[in-house]
Structures are given as structure tokens and as C-alpha cells.
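Let me begin by presenting the structure, written as C-alpha cells, before commenting on it.
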Amino acid sequence: MNDGVIPNLLQAERNFYTTSSCGVCGKASINAIRTVGSFEAQLWDREPLNASLILCLPDILVNQQQTFACTGGLHAAALFNEEGEVLLVREDVGRHNALDKLSGAALPAKMLPLSHSILLLSGRASFELVQKAAMSGIPVIAAVGAPSSLAVSPAEEFGITLIGFLRNNRFNIYSATHRIKIPVHKNTYQG
């Protein structure tokens, strides 16, 4: 810096807009964000999952959420195997970020495709989360919250079992019901 020179800091100011949003906002159509992945539409060649296993998943997840236990303010995405054992759990302030972290951890662990996994979301299931799950080959998505109306369509299209409102010993199935063994012939299970 030269003596006697005073920089004009107002001209040096830089402003950035960053977001961790889903990517839907500002798009003219849902097709503008639709992607195709190499693992989508994986066939389920296993026995259907027992509804009782699905009901246990939220309690298992809560016990795995260390940061949530301290803060009460984080979302989580968890992968389970067909026996209900935890494979991976990731937490973040954003639902999308939690799933991105989970997928990111599965890649170097050479777990992809995740065709024999169950994805549990601590919040609601959106179009983008279903799309991300399809891209990783995940055949079953369970959400503690509601699925958005836009989430059901790609779940049906990709053959993904989509479960919502998984809490209070009950859940709803929105697509691909054949993967869940329910003792009563309904699309809502209450244990």
C-alpha cells in the first residue's frame, strides 16, 4: 500500500447470494430439474419387508442422531439394510444436504447402487429427495413427515416404495406397495 492512498472500500465490496434450496424454485416446469441416473429403477429381488421393521426405524435413527440430541434442530438421512441395521447416518440443517452427505459417504465406500437399502428421512419427502434416491438406486424411502404431492409421481415412475407419516406406530404407503408385507390389506398400517 502506498502512503497517503486511501482505498475506496465501497467499490471493493462483493455480494454473493448462496442457497441450499432444492432447486425447484424459479423453474418453469418440473421437467427442468428432472435428472436421469445410472442406478434408477433397480429391481427388488428380495422378500417384502415386514411392516414391523419399518415401524422400528425412526427410533433407531433418533438413537443415532448425536447432534440432533444436543441441538434439536437438524435433519437426518439414514440408510438401513433389509434387517433394519444402520449402514450410514448423516445430519444437516437442510434435508437435501443430509441426503447429499449420505450419498457422498456411500460413493467412496463403494456401496452404490444402494439397491438393497432403505432410506429414512427425518422430515418430509420431496420431489428432489425421491429423485436423488432414484439416482442412487434406493428402492424404499420412508419419511417421518409427509411426501409432497410432487414426490409421489417420480416414486411411481421409478418404482420406488414411498412411505410417509412414519410415526406414532403407523405409516402410509404411496407407491410400490409390493415391497412391504402388511398383515392387513390396507395402504395405511397401524401397529
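When you check Gly123 against the structure, is it assigned to a loop (DSSP other than H, G, I, E, B), farther than 23 Å from Asn50 by Cβ and under 14 Å from the mean Cα position of the chain (by Cα), yes or no?
yes
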Test set (1) surrounded by fewer than 16 Cβ atoms within 10 Å (Cβ to Cβ); (2) in contact (Cβ under 8 Å) with a residue 40 or more places away in the chain; (3) of a type in the set (Val, Ile, Thr) - Ile118 fails condition number: (1)
Qualifying residue in segment 42-63 (condition: out of contact with any strand residue (DSSP E or B) (no Cβ under 9 Å at 6 or more places or on another chain), of a type in the set (Lys, Arg) and either assigned to a helix (DSSP H, G or I) or modelled with pLDDT of 70 or more (or both)): yes
The lone exception for Leu74 - which of (1) modelled with pLDDT under 95; (2) buried (at least 24 other Cβ atoms within 10 Å of the Cβ) it fails: (2)
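The rows are residues; the columns are (1) under 19 Å from Gly73 (Cα atoms); (2) free of Cβ contacts under 8 Å to residues at least 40 places away in the same chain; (3) in contact with a Gly (Cβ under 9 Å, 6 or more places away or on another chain); (4) part of a helix (DSSP H, G or I).
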| position | (1), (2), (3), (4) |
| --- | --- |
| Leu87 | no, yes, no, no |
| Ser103 | no, yes, no, yes |
| Leu112 | no, no, yes, no |
| Gly145 | yes, yes, yes, no |
| Glu157 | no, yes, no, yes |
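The values are calculated or read from the model by the stated rules, or taken from the named source; none is laboratory data. Every value quoted in this text rests on a predicted model; they were computed, and no experiment measured them. When we count neighbours, we look across all protein chains shown, and the Cβ atoms used for this are built from the backbone with ideal geometry, even at glycine.
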